[in-house]
Structure formats: C-alpha cells, structure tokens
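Remarks on the structure that follows.
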Amino acid sequence: MKSPYPTWFFLPAGVFYVTLFLVPTVASFWFSLTRWTLFDVEFIGIDNYVRFFQEPPLVQGFVNTFIYAFVTSGAKVVLGLLLGVLLSSQIIGRGFTRSVIFFPVLASTIGVGIMFKVLLDPFDGPVNAGLEALGIPGPGWWTDPATALLTVAMVDIWKGVGLATLIFIAGMVAIPQEYYEAAKVDGASSAKTFWNITLPLLQPATATVVLLSLIGGLRSFDLIWAITKGGPGFTSDVLASVVYKQYQAGFFGLSTAGNVVLFVVVAAIIFPLSWWLNRKGDES
Amino acid sequence: MVSRTTTRRALAALGVGGVAMAMTLAGCSAGGGASSTDGSVTLSYLVDNGEATVVVAEALAKAFEAENPDIKIDVQTRPQGSEGDNLVKTRLSTGEMDDVFAYNSGSLFQALSPDQTLVNLDDQEWVGKLDDNFVKTVSTDGGTYGVPMGQSMAGAVIYNKDIYSQLGLEIPTTWDEFISNSEAIKAAGVAAPIVQTYGDTWTSQLFVLGDFNNVLAEDPDWAEKYTDNKAKYVDEPAFAGFEHLQEVAEKGLLNEDFASATYNDGVSMVATGEGAQYPILTFAASQLMTSNPDAKDVVGTFPLPGPDADTNGLTVWMPGGVYIPKSTEGDKLDAAKKFLAWLATPESCDIQAESTAPQGPFVIEGCTLGDDVPAMISDMQPYFDDGKTNLALEFLSPIKGPALEQITVAVGSGITSAKDGAAQYDEDVKKQAQQLGLDGW
C-alpha cells in the first residue's frame, strides 16, 4: 500500500515513540537482569526472576490477580449487558439513570478508594452502622482476610460498570432495527429476540468489554493500594502491588523483573483471547 | 576501574532519566542561588514534609541566620516514607541533591552509599561531643557523615498510669507479668488490655523490633551473627517477638478494632483510658501532645519485657542525621559545615526541644531536656542512667527486610502462625542482604 505522505512525515512521532516507549522498554528488560541501587548497576543474570518467584506473597498474588481480574471482568460483562439492555429500552428517566451509572467512571480511582475505605470501615463506617441498625452484623469488609480482595473487586465493579454499559449501549444502537421488526413479524418472544439477535450482534462490543476489563483487572493496582495496600498481611496482594512494594523497598532491579513478569502474563492471556474473540466475531 | 564506575553511573543515570528530568526541574528552585557578589551564601536544606519536622527546621534556620547574617537557609521539603527515600537516592545518584539534607541514620543511611555520595566529616570537632552509639549509626568504615537531628527514642510500651493504679498493677519486668497484668485488665473490663493498630501497618512491628534488648541480653553477638547469615528469626531468642505477637492475639487481649485502627487512634486510646498498653515508639509523645495534651502525665513508658527481669531494659532508636552531599562545593561547603557544627550545639537542642515535644534524651554532650517533658519521656530516663539500654537492630545491622510490617500484621491477626511468619521474614531479609552485596548470603 502506498502511503500518501512522504516517510519523513512520520519522523516526529517516531522520535517520540522510540524515546518514550521503545528505549524504556528495552532498558527495563536490561535492568531486570541487574542488581540496581540507583548508585550502582551490577549484572546478575536471571537471579531477579528466581528471587521474584520465591517471594512469599507472590503465589498468593498470582492467584489473587486472576481471581480479581475474572471476577471484575465477568461482573462488568453481565451487569453492563443488563444495564445496557435496560438503558436502551424506553424507561422513565433514562438520561438521568445513564449519567448516574456513568458518573463513577469519571471519578479519580484513589478518591473512590479512600471514600469506600471510609464508608466500609468495619467500626465507624456508615455502611456497617446502617447494617447494625437493621440488626445485621456487618462484615469486616477490608480488614477480614476472607473478604478483603472481594471488597476491592466490588468497588472496582461499581466504578467500572458504567464504561461497560456505555460500550454495550453503543453496540446495541448499531444493531439495525430491521432484525427486530422481522423477529416481531415472525412472533418471536423478547427473550428469543435477545438470545438470537441482540447477543450475537453485540459480539464486538462484548469482546471489547471483556478485553478492556480483563487487562484492567490483571494490571489493577491503584484501587487495591488505596483500600488495603495488599493487606491484611498479604491476603489481597496482586502482582502489581507486589512489584510496587519491591520498588518501595529500593529493589529496583527486582521490581523491574516483576514488571516484565506482569507484562508477559498480561500478554500471554490477552493475545490469544483477543485472537479467539475476534475470530468468533468474524464467523458470526 | 574508573571508567567502569563511570559507565555504571551513566547507566544508572540513564535509567532514572525520566525521574531525573522531573527532579532537575524541582532542583532548579532548590539549588539555584549560587553565592552572590556580596559574599552571602544561600543553603538549601531538605527535610521531610512532616508537620513537626518542618516547624523545627524553620525555627533552626531562623536562629542560625540571626547569628550568621551572611548565610541564608532555605528549607525545602520532600515526601516521607519510601517515596521520600527513593527521591533522596535519585537526587544523590544524579548529583542534584540540596546543599544539606536530613535523613535517617542506621540501615537506611547505609543504603545511600555514603562513601560515594556524602562529604566525610570525621575531622570536625563536634564529632567528639556526640554519643558513641549515634556516631556508629552515621558512619561507615570510610568516615563519619552526619550530625544528629532530634532526640533518641525507645521502642517500648506506653501505658495508662491511671488504669495501672486503679487496678493496683506493678510495671511488669517479665513477659509473664505483662500477660498477667493484661489479663487482669481484661477481667476488670475497663479497657482494651493491649492496643494494636494495623490500620497503619508499620505499628505492628513493635513486638518484634522493640524486643531486641531482650535478644541482645541473651546473645550479645546476635546482630553480627545476623548480618553474617548465622542467626535467624525462626530460632530463639529472636523468635520470641513473633511468638508474643501471636500469643496476645490468641488470648484475645487486643482492642476490638485492631485491624482498622490507626496510630493516632492508638495513642488517643491510651491517653483516654480506652486502651491500657500500646507497644510503640516513644515519638508518640509528639502525637500525644498534639491530640491529648491533658494526658501528659497519665501516659507512661516501660520496656517490652522479656524472659528475665534482671536484663529488662529499653530498645533505643537513634535520631536521624543531617548530611552534606558531595555535590556541595566551595563557599557552600564551608557554610554547610558551619551550619552542621551549629546544629551540634546546646543552643540548637533547646530550639528543637521548644519547637516540638521531645521524644527522648538528646545524643549531644551538653544538651538536656527541660523539666516539663511528658511522663512518657521522663519514665525513660532511669533506664538510660542505669545503662539498661540497647540499640535497635536497624542500627547494628544494615539488614532490614521490607515486608516485616505485612508479616507482623498477618501474625498479629491470626492469618499466619508465628513460626511461618518468622520463616517468611528470614526469606524477606535475604533480598536486602543480597542487594547490599553482603558476604555469606
């Protein structure tokens, strides 16, 4: 394909891409093989990777990362789809409800985290105070090792479902009305219409939501850091928070190795999934 | 050799390029004013942004300027905690450090590679006036680098004296007495026997770190063995700290909201009598004087007790230091040395003691605390006078594992056993030792 522009038109963008993306990427692969204190760099081969995989919280971090990513991504798809269907039908106050659901997407993640940390405080928080007034003992939300991770996931879903809904609404609007009219003429029930028309034709939107929320979930850090900092103990640690703690401790080479691991894990899940979802999309 | 170091430096500099760029911008305002034509010098002085720290730094700058009209001190701030640590390291490694800066002593100080980055001050006459323990914590084999800022403090138990006298309790000198006191308080139902505040995870480490006097009592060479990878936390005597943490949780001696309460809550609980005992650093005196000044004489201090009443004593933390980076040269270096010499005078101590509540004794000859200090601080004095003190581990060994606070939270909340927690910490420590390039790891 012949480009309408001369090659040197790409030069400014190319320079930015190389200095701000390629160089740091390559440099991080190099630094992940070193012991790096900011004062000295010493090449130590794959020791950092060996070390990183011996991290006590790492196994739990891996498991937590997957739980978190699949729970949030799954919930966003299901809830987003339901809300999408609801909000593209003719209901009262549709515009208002749409904005209410989308609003959390606009708020700062750290702000949301701190707000929920206060709301869900097991002793002084309004949520548990309310539950107590109803005679229900409130759970220890983010202080109980059994619920800490799911509490954060719940907040993540609350915050992210608006975006999923938006994508589903956009997908639904793009479905030609003729299909629905034809189905109506044939006497299809609304459940049948949904299963046989809406759902298959929403495939590209579903693929987008799944991929976006899964990538977000695997890399998630800010919300977890704001609410639990990986605690209590290591019970809500995910890959990204383990990496950040290594960085905080001044183990720069080690944390870079952790980032490379995170990069590989995300790539290993997302590329095949994306290929599979898009192939399915092409078939239908 | 020289060229190799240069390459390494260049690489390090390249790697931190992004951060460094931001630093340079920030640095411009900090290190900008070189000595002007009239012979006056402006020194930038970097401190952390803690409210009390800044108040003291400003007061010191003002008093020093009044005595030295041709030197101006410009106080700059940085974040606290590990973010601040990394900022200091980045600035030092790129040669963009302020002219004078305050930073921790002990293991965090060692991580700055002082021989490469700081000005050696061991020829200064004030070095002789400093407490020997302090000098050790700001020195390497190659030199002495800092002057103390603030006071020493202890990792100990702060307790509510009213509750103790109401229930007729004596200050415990052994762990068993401590437990029986706590159980008496629990039985009386007046207060939470032992306060823990895992909402601020760092506070969970005191049972382990504050127990170090007892470790040394049993094995005086423990710190050295530990640095040489020959002593472990899974073995006694050091294991006791983890065990204690598990024991108090299992026996239900903690405050109900231990998992979410914060450090500020903890100090207030002891002050108001909601909690009876709280193992913490005695810098809590400044928090106490801010939030509950009425409780000045109610909150006292005793050491974390161990197995033996005879060796009962305080685990002591040294104050941080003020250092001059190698990037300070010429007139500025002379002025900076003058400033540091002045910081080591009783006059500077007095200003420090007036600006915020003291947290323990000074480590400079001739400096004294006033009579008006909180009971928490005056209770410490007898142990200092009788020599019943030992330095905390972080001043005797360069190794401190970064995950200790998460591990102690896990043990203290009953998520992991003491045995597993101690083993995890031994593993955690290995990383730090390897990072520092110590032998035998």
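Data for the structure
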{"quantity": "Flag for A:GLY258 being of a type in the set (Gly, Ala, Ser), touching a strand residue (DSSP E or B) at 6+ places or on another chain (Cβ under 8 Å) and closer than 23 Å to B:GLN424 by Cα", "calculated": "no"}
{"quantity": "Conditions (1) part of a strand (DSSP E or B); (2) aromatic (Phe, Trp, Tyr); (3) under 18 Å from B:GLY412 (Cα atoms): number failed by B:TYR198", "calculated": "(1)"}
{"quantity": "Residue in region A:152-168 that is among the polar types (S, T, N, Q), more than 13 Å from chain B (Cβ to nearest Cβ), farther than 22 Å from B:ILE415 by Cβ and surrounded by fewer than 21 Cβ atoms within 10 Å (Cβ to Cβ) present", "calculated": "no"}
{"quantity": "Contacts under 8 angstrom Cβ, first residue in region A:95-110 being more than 20 Å from A:VAL155 (Cβ to Cβ), partner β-branched (Val, Ile, Thr), 6 or more apart", "calculated": "A:THR97/A:ILE91; A:ARG98/A:THR165; A:ARG98/A:ILE169"}
{"quantity": "Matching residues in region B:415-441 - criterion: being more than 9 Å from chain A (Cβ to nearest Cβ), of a type outside the set (A, V, I, L, M) and not in a helix (DSSP H, G or I)", "calculated": "B:SER417, B:ASP439, B:GLY440, B:TRP441"}
{"quantity": "Test set (1) farther than 26 Å from B:LYS136 by Cβ; (2) surrounded by fewer than 22 Cβ atoms within 10 Å (Cβ to Cβ) - B:PRO237 fails condition number", "calculated": "(1)"}
{"quantity": "Residues that are among the hydroxyl-bearing types (Ser, Thr, Tyr) and either free of Cβ contacts under 8 Å to residues at least 40 places away in the same chain or assigned to a helix (DSSP H, G or I) (or both), drawn from region B:346-359", "calculated": "B:SER348, B:SER355"}
{"quantity": "Some residue of region A:3-19 being of a type in the set (Gly, Ala, Ser) and either in contact (Cβ under 8 Å) with a residue 12 or more places away in the chain or within 14 Å of chain B (Cβ to nearest Cβ) (or both)", "calculated": "no"}
{"quantity": "Any chance A:PHE70 is without any contact (Cβ under 8 Å) to a residue 60 or more places away in the chain and assigned to a helix (DSSP H, G or I)", "calculated": "no"}
{"quantity": "Matching residues, region B:360-414, being outside any helix (DSSP H, G or I), within 14 Å of chain A (Cβ to nearest Cβ) and not charged (D, E, K, R)", "calculated": "B:PRO398, B:ILE399, B:GLY401, B:PRO402, B:ALA403, B:SER413, B:GLY414"}
{"quantity": "Residue identified as of a type in the set (Val, Ile, Thr) and without any contact (Cβ under 8 Å) to a residue 60 or more places away in the chain among A:ILE175, A:ILE167, A:ILE224", "calculated": "A:ILE175"}
{"quantity": "Hits in region B:303-327 - residues which are closer than 22 Å to B:MET376 by Cβ, in a loop (DSSP other than H, G, I, E, B) and touching a helix residue (DSSP H, G or I) at 6+ places or on another chain (Cβ under 6 Å)", "calculated": "B:PRO305, B:GLY313, B:MET318"}
{"quantity": "Single unsatisfied condition, B:ILE351 versus (1) under 30 Å from B:SER204 (Cβ atoms); (2) not assigned by TED's automatic domain parsing to the domain that holds B:VAL195", "calculated": "(1)"}
{"quantity": "Residue in region B:310-319 that is touching a residue at least 40 places away in the same chain (Cβ under 8 Å), within 20 Å of B:VAL100 (Cα to Cα) and not hydroxyl-bearing (Ser, Thr, Tyr) present", "calculated": "yes"}
{"quantity": "Any hit, region A:36-43, residues being modelled with pLDDT under 90, assigned to a helix (DSSP H, G or I) and either touching a helix residue (DSSP H, G or I) at 6+ places or on another chain (Cβ under 9 Å) or more than 9 Å from every other protein chain (Cβ to nearest Cβ) (or both)", "calculated": "no"}
{"quantity": "Any helices (runs of 4 or more DSSP H) falling wholly within region A:186-284 and containing at least 1 residues that are within 14 Å of chain B (Cβ to nearest Cβ) and buried (at least 23 other Cβ atoms within 10 Å of the Cβ)", "calculated": "A:222-227, A:239-248, A:252-283"}
{"quantity": "Residue match in region B:159-181 (condition: within 14 Å of chain A (Cβ to nearest Cβ) and not hydroxyl-bearing (Ser, Thr, Tyr))", "calculated": "no"}
{"quantity": "Test: B:VAL208 is touching a residue at least 24 places away in the same chain (Cβ under 8 Å) and more than 28 Å from B:LEU396 (Cα to Cα)", "calculated": "no"}
{"quantity": "Any hit, region B:247-256, residues being in contact with a Phe, Trp or Tyr (Cβ under 6 Å, 6 or more places away or on another chain) and under 25 Å from B:GLN424 (Cα atoms)", "calculated": "no"}
{"quantity": "Strands (runs of 3 or more DSSP E) completely within region B:63-156 that count 3 or more residues being in contact (Cβ under 8 Å) with a residue 60 or more places away in the chain and more than 14 Å from every other protein chain (Cβ to nearest Cβ)", "calculated": "B:100-103, B:146-149"}
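Each row is one residue, and each column tells you yes or no for (1) of a type in the set (Val, Ile, Thr); (2) in contact with a helix residue (DSSP H, G or I) (Cβ under 8 Å, 6 or more places away or on another chain); (3) assigned by TED's automatic domain parsing to the domain that holds B:ASP211.
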| site | (1), (2), (3) |
| --- | --- |
| B:VAL119 | yes, yes, no |
| B:ASP122 | no, no, no |
| B:GLY128 | no, no, no |
| B:ASP132 | no, no, no |
| B:THR137 | yes, yes, no |
| B:GLY146 | no, yes, no |
| B:TYR159 | no, yes, yes |
| B:ILE163 | yes, yes, yes |
| B:LEU169 | no, yes, yes |
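The values are calculated or read from the model by the stated rules, or taken from the named source; none is laboratory data. Since the model is a prediction, treat every value here as computed from it, not as a measurement. Every residue, glycine as well, gets a Cβ built from its backbone with ideal geometry; the counts of neighbours run over all protein chains shown.
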